[in-house]
Amino acid sequence: MKKIGDTISWLLMLTVLTVSFAGSGMVVAQEKVKLSYISNMWREVAVATQEKQLEEFKKTHPNIELEPTLYIPWGDYRMWLLKALASGTLPDVIQHGVEFLDEFAQHGTFLPLDKYITGDHYNRIVKIAWESAKVEETIYGLPHSIWLEPAFMYRTDIFKEEGIEPPQIGEAWTMEEALSVAKKLTKDLDGDGEIDRWGWVERGRAGWIFLKHFGWHIRTWDGNIIRKLPDGRWKSGMDLPGTRDTIRFFIDLHTKHKVAPKAAIGYGFEDWRSGFITGKIAMGSMGTWLGSILYRENPDVKWSAMNLPSGKIPITQIATFVMSISSQTEHPDEAWELAKWLTTQTVEDRIKIADIQGCVVVFKNVLERPEYQEEPMRAVFKPFFQGLATGEIENLRMWARHPNPQYADIMISVVAPTVHNIILGKMSFEEGIEYMEKEINKKLRYFG
Amino acid sequence: MSFHRYPLLGVDKPFIGLKNYIALLSEDPYFWGVVKNTFLWTFVSIGISFIFSMGVALLLNQELKGRNVFRALSILPWAIPPVVASLTWTMFYDPFLGLFNHILYKLGIIRSYHAWLSEEATVLPSLVLVVFWKYNAFLIIGLLAGLQGIPMQLYESAKIDGANTVQRFFYITLPQLKPIILVLLTLQIIWRFNHFDIVWVMTRGGPAHLSHLIATYAYQHAFISLEFGYASAIGVIGMVFLGIFIVILVGRMK
């Protein structure tokens with residue numbers, strides 16, 4: 001009887017112990033962390049490379065489960081992030097561009113990363129890239145790729161044919177010099193009375209395209225479409241001479257000097273590209289990411305890039321991709337591990353993705369390598385490598401740093417259609433300025 | 001929502017009464033142009049589609065060799081996803097490399113290449129052409145079904161009485177098709193009036209808001225400008241316009 005009782009006791013104890021271990025095993029299994037991640041990989045090769053990075057991350061971090069979304073079209077990215085922010089469904093790790101940083105940092109979207117970044121980490125990356133990841137000295141993202149937005153691209157064969165010498169590396173034409181060249185390049189080549197080649201074409205389509213290709217004009221003429229008053233309120237910048245000079249110059253390209261067709265107000269990327277590769281567009285501003293595309297898809301086209309022409313102040317506009325962590329994440333440390341992995345811990349993969357996406361990486365020791373600079377696919381960056389590596393670029397601006405969240409909307413919804421209507425002759429210059437002044441102030445008041 | 005100031009991320013969404021409607025109807029310099037675009041888009045494209053589709057349906061109703069193949073081919077554009085069709089047509093319209101320019105130039109119809117989606121005179125007609133190509137199939141199928149339901153005895157009696165082809169069409173075919181035509185027209189008006197995808201993908205309503213429809217204009221205000229109250233007001237006004245047409249058409253069905 002006693003033996004039976006002992007056996008039962010042992011069996012009970014064994015059962016309890018087994019269940020406890022199994023239970024704790026379930027707890028361990030439940031402790032696996034889930035991280036969501038979004039990105040904007042453009043091309044299949046970039047997607048494949050990123051997938052490889054993520055697979056390797058999973059192997060080295062078996063406690064982390066990943067839910068990646070690798071392709072959200074750039075045109076829809078801002079809206080995607082806004083909807084996610086509004087609905088509380090932000091991914092843990094977010095790749096995005098400098099153009100979103102101010103707006104989303106003001107909404108408290110991103111986690112400050114200063115506590116994670118070591119001195120060594122900081123020193124590996126060029127200073128100008130870090131500037132793109134900071135809002136008021138707080139770091140909100142890990143920069144990893146950089147490009148010019150835009151550079152001034154031109155057909156070298158057409159330049160040679162017309163006997164035009166581009167400026168030396170490190171120098172820039174003035175706007176008047178560029179305009180004079182553009183007039184020389186604009187031609188009716190077959191004598192039928194129609195212009196066959198346009199000297200200076202900017203993509204005009206409303207949206208981010210207009211923001212990029214009008215935005216640098218505003219900066220170089222020292223204008224601003226909105227400005228902050230001493231009391232902290234914002235108002236329209238239409239009264240600034242630089243703003244009016246910008247709008248006047250931009251419109252005159254199409255109407256007075258006729259070095260660009262009026263139809264360019266509707267040109268998207270593909271329109272400009274097909275004009276450039278067919279020689280119908282001799283020069284114009286375009287993101288250096290086009291260089292990567294031309295290198296792969298149009299190797300017969302002879303082209304190069306130079307600094308942007310300079311109005312009142314010379315400028316160079318760069319753009320960066322950064323990796324941020326959502327302020328809503330429940331796993332900040334794990335999210336940091338992923339962000340770090342995708343940027344600084346897999347440098348060769350990052351170089352590959354940057355090449356596909358038409359960027360260069362932000363790591364000093366890579367940027368300084370002669371073999372990195374000499375690679376033909378990075379030819380479009382040639383005028384800029386030294387400045388990028390050392391940070392010594394005169395009047396460097398981030399293309400889309402908008403201190404006011406309404407800036408993008410104002411450019412897209414108010415400035416673009418008004419400038420276009422002036423070009424089409426539906427409004428006079430003064431009517432357009434007056435309308436923009438009124439509408440911009442109304443929008444700034446609407447959002448407080 | 002349309003009676004509020006309604007930014008997406010703001011906490012405050014104050015009631016502002018009719019201010020959105022007043023701003024829209026009396027201060028917005030683009031809205032009435034957008035309404036005009038929408039009406040042109042709807043009624044011109046439906047008018048052209050209807051005439052074309054009736055012709056094709058009448059042809060496909062005949063005993064023709066390969067009739068079934070032609071019937072299948074007429075549905076093909078409808079089967080292509082709208083975004084795919086839009087992107088393909090955008091390439092077709094490319095100002096420098098597009099096939100559309102090339103064909104018209106070779107035929108001597110144009111003297112130089114055009115930026116069909118960027119020029120004021122051509123942007124809306126270019127988009128109408130796309131929607132015409134894409135959505136005829138529905139009208140063709142509907143009209144064909146209607147034609148096949150008309151008793152042959154009516155035509156035979158009319159022939160005996162001396163009616164010619166044109167008279168038979170206007171006195172037999174059209175009256176017999178009236179119920180189905182009204183249904184098709186009602187559906188087409190609703191769909192085309194609310195159209196979004198082709199315009200948004202191809203032009204985003206540009207250049208200079210010249211190709212915006214009510215739906216795309218509302219979308220721009222909601223999801224680009226984040227002014228949901230104003231966008232809702234646009235939607236409500238659009239709904240009122242559309243409602244008037246539907247009431248008229250439904251009344252005629254009785």
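The values are calculated or read from the model by the stated rules, or taken from the named source; none is laboratory data. Just so it is clear, the structure is predicted and the values come from calculations on it, not from any experiment. Using ideal geometry, Cβ is built from the backbone for each residue, glycine included, and neighbour counts are taken over all protein chains shown. These area figures cover heavy atoms from the full protein model, side chains too; ligands, DNA and RNA do not enter into them. Shrake-Rupley method; radii C 1.70, N 1.55, O 1.52, S 1.80 Å.
In loop segments of segment B:49-153 as defined by DSSP, the GluC sites (Glu not before Pro) with at most 12 further C-beta atoms inside 10 Å of their C-beta are B:GLU63.
Overall dimensions of segment B:87-135, expressed as equivalent-ellipsoid semi-axes from the Cα gyration tensor (√(5λ), whole Å, largest first), are 17, 12, 11.
A simple spin-label model places the labels of B:ALA121 and A:LEU189 2.5 nm from each other, with each point 7 Å out along Cα-to-Cβ. Legend: calculated FRET efficiency, B:LEU73 to B:ILE48, from the Cβ-Cβ distance at R0 = 25 Å, rounded to 0.05, equals 0.80. When shorter helices are ignored and each DSSP H run of at least 4 residues is given -39500 (n - 2.57), the per-residue value for chain A at 222 nm works out to -14000 deg cm²/dmol.
Rolling a 1.4 Å probe across all protein chains gives B:THR88 an accessible area of roughly 70 Å². The accessible-area loss of segment A:258-305 on complex formation, taken against its chain alone with a 1.4 Å probe, reaches 40 Å² or more at A:ALA263, A:TYR267, A:ASP271, A:SER274. Which FRET efficiency value, to the nearest 0.05, is calculated for B:VAL84 and A:ILE8 with the Förster distance at 45 angstrom and r the Cβ-Cβ distance? Once rounded, the FRET efficiency stands at 0.05. Structural size metrics of segment B:65-170, computed from C-alpha coordinates, are Rg and Dmax of 20.0, 59 Å. Radius of gyration over Kirkwood radius for the protein assembly as shown, both on Cα atoms: the Rg/Rh ratio is 1.06.
Computed on protein heavy atoms with a 1.4 Å probe, the accessible areas place A:ARG244, A:ARG78 in the order A:ARG244, A:ARG78, largest first. For A:LYS312, a cut-off of 24 angstrom between C-alpha atoms picks up these lysines, skipping any fewer than 8 places away in its own chain: A:LYS183, A:LYS184, A:LYS212, A:LYS228, A:LYS235, A:LYS256, A:LYS258. Measuring only protein heavy atoms, the 1.4 Å probe finds B:LEU124 accessible over about 20 Å². Given a cut-off of under 8 Å on Cα pairs at least six residues apart, what relative contact order in percent is computed for chain B? Reported relative contact order: 31 percent. Residues of segment A:416-448 falling in the label zone of A:ASP222, defined by backbone nitrogen less than 17 Å from a point 7 Å along Cα to beta-carbon, are absent.
Backbone geometry of segment A:220-231 corresponds, through the Karplus equation with coefficients 6.51, -1.76 and 1.60 at θ = phi - 60°, to 3J(HN,Hα) couplings of 6, 8, 6, x, 6, 7, 9, 9, 9, 7, x, 7 Hz, x marking Gly and Pro. Cross-link pairs exceeding 20 Å in C-alpha to C-alpha distance, out of A:LYS115/A:LYS340; A:LYS443/B:LYS19; A:LYS280/B:LYS134; A:LYS262/A:LYS426, comprise A:LYS280/B:LYS134.
Once the Kirkwood radius over Cα pairs is known for segment B:1-107, the Stokes-Einstein relation at 4 °C and 1.567 mPa s delivers a diffusion coefficient of 68 µm²/s. Residues whose amide H falls under 5 Å from that of B:HIS4, counting only those 5 or more places apart or on a different chain, are B:ILE16, with hydrogens built in the peptide plane.
Segment A:413-448 and segment B:48-86 have Cα centres separated by 45 Å.
Accessible surface for A:SER180 stands near 70 Å², nearest 10, in the context of the full protein assembly shown (1.4 Å probe). Semi-axes of the equivalent ellipsoid of segment A:101-252 are 38, 23, 14 Å, computed as sqrt(5λ) over the eigenvalues of the C-alpha gyration tensor in descending order.
Give the cross-link partners of B:LYS13 among the aspartates and glutamates, using a straight C-alpha distance below 17 Å as the criterion and excluding same-chain residues fewer than 8 apart. Filter leaves B:GLU227.
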